[in-house]
1. Looking at segment 11-28, which of its residues are under 15 Å from residue 125 (Cβ atoms) and buried (at least 17 other Cβ atoms within 10 Å of the Cβ)?
2. At pLDDT below 95, within 16 Å of ligand 2 (Cβ to nearest atom) and farther than 16 Å from residue 304 by Cβ: does that describe residue 193?
3. Taking residue 131, is it within 16 Å of ligand 2 (Cβ to nearest atom), at pLDDT 95 or above and in contact with a strand residue (DSSP E or B) (Cβ under 7 Å, 6 or more places away or on another chain)?
4. How many of the residues in segment 227-271 are closer than 30 Å to residue 184 by Cβ and either away from ligand 1 (no atom under 16 Å from the Cβ) or at pLDDT 95 or above (or both)?
5. May I ask you to verify whether residue 136 is over 22 Å from residue 58 (Cα atoms), touching a residue at least 40 places away in the same chain (Cβ under 8 Å) and in a helix (DSSP H, G or I)?
6. Anything in segment 134-146 that is over 13 Å from residue 54 (Cα atoms) and more than 9 Å from ligand 1 (Cβ to nearest atom)? List them, or say none.
7. I'd like to verify a number: residues in segment 309-335 that are assigned to a loop (DSSP other than H, G, I, E, B) and surrounded by fewer than 23 Cβ atoms within 10 Å (Cβ to Cβ), how many?
8. State whether the residues of segment 124-131 include one that is more than 16 Å from residue 184 (Cβ to Cβ), within 11 Å of ligand 1 (Cβ to nearest atom) and outside any helix (DSSP H, G or I).
Ligand code: TXA
Ligand code: MG
């Protein structure tokens, strides 16, 4: 039986019961500012094993360790560079994860067999409070079944994960809606392994030159990605997703043709687009928002919504890869399994 706590009834006593589950080596889902996380004691191999089981996640895919205060990073990691310190100083607590050389205290089960560890200090009030109460670093991947879109709303977590974990704290919608930016600080020039809300441009203002894992920019399947998680199928709804890119007018026409073509075959077709473009399309049309921030916040929810409607195919407009667009397109391209149609 899963112990469920809803934000509307939150009191410190109930939250402490959830933190106690974590102290006992059990699993608890809680909200963060990016997506919901599925947490357990990062320093306890048996506890961490339960995370992999609950998600059905391959065990070579390492976990992010969540901490309450900055100083904890020195207990978990070594060889911390000035650049890494500047980034922690500027962006923590917040949606950015640092890859650092791990100390022995971090089990290989947590680091997926690597000598490095991913560390993040979240800013979400409930996340911070539960980590503080637990008094231990908390390993927490996104709280979805492996391969599914990350959960960004309480209902996503409840529908998919109830009875798979020991505790759930339901805390409403996540602010950013995409997972944290992951940056590797183990070599001279920091490398973004997973783009997120804190962009390359944001980082460069603080630490100068930052590079993007080259495998992220390739159109084909990125089996060589540095972040193990980036090589797996990801963010996939049941429907087959296609991205349509090109000039605005051409995209309108191409998607409309594809919708009609597929409807004639008897398929149910969804379209994802800028909200202001909704009227251009037929089929099951869902607007993702009109700004990059809105699109980031809504993307995973809309992918899940398409499954609820039961569409067979989804055609999505392509978005810019500038700024936050980099993270949005990274997730969208993966959810489409790299299927991009030129209009
Ligand atoms: O926003 C987030 O980061 C959320 C919330 C819950 O904090 N967590 C999250 O965790 O997205 P997860 O496990 O779904 O994604 C972690 C990513 C994976 O792509 C993983 O391969 C990569 O970070 N990663 C973790 N440790 C790593 C390491 N030592 N070296 C390289 N990549 C690592
Ligand atoms: Mg994930």
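The values are calculated or read from the model by the stated rules, or taken from the named source; none is laboratory data. Since the structure is predicted, the reported quantities are computational estimates derived from the model, not experimental observations. With ideal geometry, Cβ positions are generated from the backbone for all residues, glycine too; neighbour counts draw on all protein chains shown.
1. 15, 18, 19
2. Taking the combined requirement at face value, the residue does not satisfy it.
3. Answer is no for this residue.
4. Going residue by residue through segment 227-271, those that are closer than 30 Å to residue 184 by Cβ are 227-237, 241, 243, 245.
Now drop any that are not either away from ligand 1 (no atom under 16 Å from the Cβ) or at pLDDT 95 or above (or both), which leaves 237, 241, 243, 245.
Of the residues in that region, 4 qualify.
5. no
6. Scanning segment 134-146 gives 134, 135, 136, 137, 138.
7. The initial filter retains those residues of segment 309-335 that are assigned to a loop (DSSP other than H, G, I, E, B), namely 310-312, 318-324.
Within this subset, residues satisfying the condition of being surrounded by fewer than 23 Cβ atoms within 10 Å (Cβ to Cβ) are 310, 312, 318-323.
Looking only at that region, the number is 8.
8. Within segment 124-131 (the criterion being more than 16 Å from residue 184 (Cβ to Cβ), within 11 Å of ligand 1 (Cβ to nearest atom) and outside any helix (DSSP H, G or I)), the answer is yes, since at least one residue qualifies.
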